[in-house]
Structures are given as structure tokens and as C-alpha cells.
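The values are calculated or read from the model by the stated rules, or taken from the named source; none is laboratory data. Keep in mind the model is a prediction, meaning the values are calculated, not measured. Every residue, glycine as well, gets a Cβ built from its backbone with ideal geometry; the counts of neighbours run over all protein chains shown. Each accessible area value is taken on the protein alone, full model and side chains, heavy atoms only, with ligands, DNA and RNA left out. Shrake-Rupley method; radii C 1.70, N 1.55, O 1.52, S 1.80 Å.
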Amino acid sequence: AILAPPIFRSNWPPKMSSVSKREGATEGYTKLDSDDEGSSLTSTVINTVKSVLGAGVLTLSWAFYFSSLWPGIVGTCAMCVMSSYGFYLIGVCSAHTGKGSFGGMWSALFGETWAWIPDLVSVLFCTIAIVANLIVVGGYLPTGLAGFGLPQIDRAYCILGASLFILPLNFVEDLSKLSFASFVGNFSVVYTTGLLLFKWLTIDHDADWVPWEVEPGFFLTMATLAFSFNGHFGAPALYQQLKGKSPQRWMTVTVFAFGICLPILLICSFTGYLMFGSTLLLPGESNVLLAPSMKGPEVMAAFIGMTLTNLFSLPIYTSCVRVAIDGMWMRAMKASESLFRKRVISALCVLGTIATALSVTSLGLTVAINGAVCASLMEYVLPALMCLKTNPKSKAMPVVTLILGVIIGV
């Protein structure tokens, strides 16, 4: 059996009171009646991988330009380890408190006064991520369809049509029901990764890549990689809905999910950098699929695939927004659980993000700041602080994680 790391073992397994078991339903997510119900380990891994992987993988090669090849590869592996550790800590804290949201865990550990801050971070990160994904859909979908001879479609119609296509999924509370959509999105990323690897192996490129050169730009690469490994926003609810949830099963989810993500992110990073080098800095070419040499129906299929990847990420983001806002409302108003309120929150989230995506074509610096600040808080800072509160005797790794989060955020 997989044991919890020694730093947690003195407090393991967590003693959950009958009160904490009942309160799960008041945190905005679907509370299971039994630990034998819920998402299987496989579906939880699939949803976790989908939470991590997105169209951002296509710009990792651009980030490698600032670090050079080998520092980028070493940094990718290091960030995977640290991000997976933070992901695991979230499950540990969720098990210890019996809560399925960042705000709920914070409230149980530190009190309700500032519990709205972790939930607000989740809401900001996920809503901006939804808008960013819709903007990508509005750009990728018409490009992919045009590559197959179809007439150019206005981005607004693409955004509206795609949003309508997945509309029912935005109201799903049981995350296990999203595993099929997540599987489709993950398959699309794997296809695109395989395409990049094939192009690198079969086509001669005369790129000006650098094998090893450590410069200040390395820190920009690290911030980009930290954002690329962020699937932490939905981790508390994923843990609470895991069938037979325990720290041992959560560790298995963590190892498999991030073990799948690491080679995909590595391939997407170094293949593009080795093929295109400094040309990735040219306007409009940070996305490797937009490089002049990337032509043909197989590339257009990748555009369609990455459209699906972004599209099927939206229900997971929406679920996180719904859980966070509902939790804040219930704590502030001392309200009881309401299915109607959850649906209203989901509807407002869908309408608001669609309206924003139709109004802008690029979030630019806003997305970058959101990724650096909110992602670092959810991946490193908040899990480390909650772990230190849960087990004060364990300081080494949580403190290192906390410092890393502060550095990336700054």
C-alpha cells in the first residue's frame, strides 16, 4: 500500500467528526452519502489531467527560448515535482477538514474571517481562464475549419455555437460525469503532442536553439511552467468526490496524473524550441501551430483538437466557480444548500464569460498576471499554509513550497 509521506503520518488518517461529514453539502459541491460512491480513480485521473493540460502547451516552446534547452527541461521536471506536491497537499487538507473548497478548508483551519480570499482567488483564476479559453476557441475553430475548405466563420458565431454545444455540462455537479468530455480533450492534446514529435523527427530544421545558457529569463520560464502545471483549482472537490477517498488513493491520483502530464509538456516544450528557435519571438508565432512550416490537414486537425481541449475545460472551471461562490454565499448569509442558487451561479458565469469573450480578442497582461498570482497562490502558497496549520511539526517541504510560490508570484 502507498503510505502518506512521513511529514503527515503523525496526523494520519485524519479524524473527521460527524459534523464535518455533514457539512460537505454546505460548501457548494455535491456531498456523497458514502465513500463507496463517487468518481473512480481512473475518472479522477482523467479529470485531473484535463484540468492541467490546455492550449497553453502550445506556447511552452516560446518559454524555453528564455531558459535555453537543458535548463528548461530540468526546470520542467522540477516544477512538475513541486506542483504535484502542492496538489497532494490540497487533498491532505481536504481529508483533514472534510471540505471540498479552498474557502471551506481555510474556514475550518483558520476561521471564517478571511475564508473569502481563497475562494475569490479561485473565482478570479477560473473566470479569466474561461474567457481566455473561449477566445482561443474563437481563433482556433475557424482556422481549423477553413483548412478543410469550409468558408471562414466569424469568431463570435464560433464562440456562441461552441458554448451552446457544451452548455448542459456547465450545470453538472458530479465531476465523474465529465470524464468523457475530459477524455476527448486529453486525446486532442495527445494527438497534437504526437504531431509535434513527428514533425521534429521527420523534418529538417535550421533553428538557432541554445543547449545551455542560464540568464534572468529563466525565471519567466519557471512562471510559465508553474501556470502550465496548474490543475489545483478543482482539487478539493475532486478529492471529496473520489470513490473510497483516502490519502493513499489521492497520492495514486497525483502520481498518475502528473506522471502523464510531464512527458506531454516536455515534448511540447522542446520540440517546438528545437524546430523554431528564436523565430518563436516573432509576432504571432509564439504558438507553434502558427509557424509557417506547420501546414497540411494534420495541422488543421490539431487546431480542431485543441479547440475541443479548450472547450471541454470550461465545465471544470465553471464547477470551481460555482463551488467557490456558493460557499462564500452560504458562509456569509448562513444559508442552506440550494440547487436553484447553484444553477443561477452557473448561468451567470456562462453568460458573463461569453459576453466578455465576445467583447475582447486578447486578455494580454491580465492573463499573465492572473496566472502568476492566482496560480502560484493555489499551487504553492495556500496548500503550504494549510499544511503548516494541519501539522505544525512538518515545516521543511511546506516552507520551501511557500517560498517558491512567493517568488513565482512576485
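For the range 352-370, the criterion of being in contact with a Cys (Cβ under 9 Å, 6 or more places away or on another chain), at pLDDT 85 or above and in a helix (DSSP H, G or I) is satisfied by no residue at all.
If you filter the range 277-328 down to residues that are in a loop (DSSP other than H, G, I, E, B), small (Gly, Ala, Ser) and farther than 20 Å from Phe180 by Cα, you find that the one that is nearest to the chain's Cα centre (by Cα) is Ser286. When the range 222-236 is filtered for residues that are touching a Gly at 6+ places or on another chain (Cβ under 6 Å) and not aliphatic (A, V, I, L, M), the ones remaining, listed by number, are Phe227, Ser228, Pro236. In summary, helices (runs of 4 or more DSSP H) completely within the range 208-276 and bearing 1 or more residues that are surrounded by fewer than 17 Cβ atoms within 10 Å (Cβ to Cβ) and over 17 Å from the mean Cα position of the chain (by Cα) occur at 218-228, 247-276.
So that you can scan it fast, the table gives a plain yes or no per residue for (1) within 24 Å of Gly56 (Cβ to Cβ); (2) open to solvent by 50 Å² or more (accessible area, probe 1.4 Å):
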{"site": "Glu173", "(1), (2)": "no, no"}
{"site": "Asn186", "(1), (2)": "yes, no"}
{"site": "Gly194", "(1), (2)": "yes, no"}
{"site": "Leu197", "(1), (2)": "yes, yes"}
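Restricting attention to the range 376-405, the residues that are open to solvent by 60 Å² or more (accessible area, probe 1.4 Å) and either hydroxyl-bearing (Ser, Thr, Tyr) or in contact with a Phe, Trp or Tyr (Cβ under 8 Å, 6 or more places away or on another chain) (or both) total 2.
Determine the pairs where a residue that is farther than 18 Å from Ala162 by Cα and open to solvent by less than 30 Å² (accessible area, probe 1.4 Å), located within the range 117-136, has a partner that is outside any helix (DSSP H, G or I) and hydroxyl-bearing (Ser, Thr, Tyr) with Cβ atoms under 7 Å apart, the partner being 6 or more residues away or on another chain. Final answer for the pair search is Asp119/Ser101. When restricted to residues that are open to solvent by less than 30 Å² (accessible area, probe 1.4 Å) and without any contact (Cβ under 8 Å) to a residue 60 or more places away in the chain, the range 154-171 contains 1.
Checked against the criterion of being on the phi > 0 side of the Ramachandran plot and open to solvent by less than 40 Å² (accessible area, probe 1.4 Å), the candidates Gly296, Gly327, Gly352 yield just one match: Gly296. In the condition set (1) under 25 Å from Pro297 (Cβ atoms); (2) touching a residue at least 60 places away in the same chain (Cβ under 8 Å); (3) assigned to a loop (DSSP other than H, G, I, E, B), Pro151 is compliant with all but (2). Of all the residues in the range 67-113, those that are within 30 Å of Ala332 (Cα to Cα), aliphatic (A, V, I, L, M) and open to solvent by 10 Å² or more (accessible area, probe 1.4 Å) number 2.
For Gly56, the test of being open to solvent by less than 30 Å² (accessible area, probe 1.4 Å) and either without any contact (Cβ under 8 Å) to a residue 24 or more places away in the chain or small (Gly, Ala, Ser) (or both) is failed.
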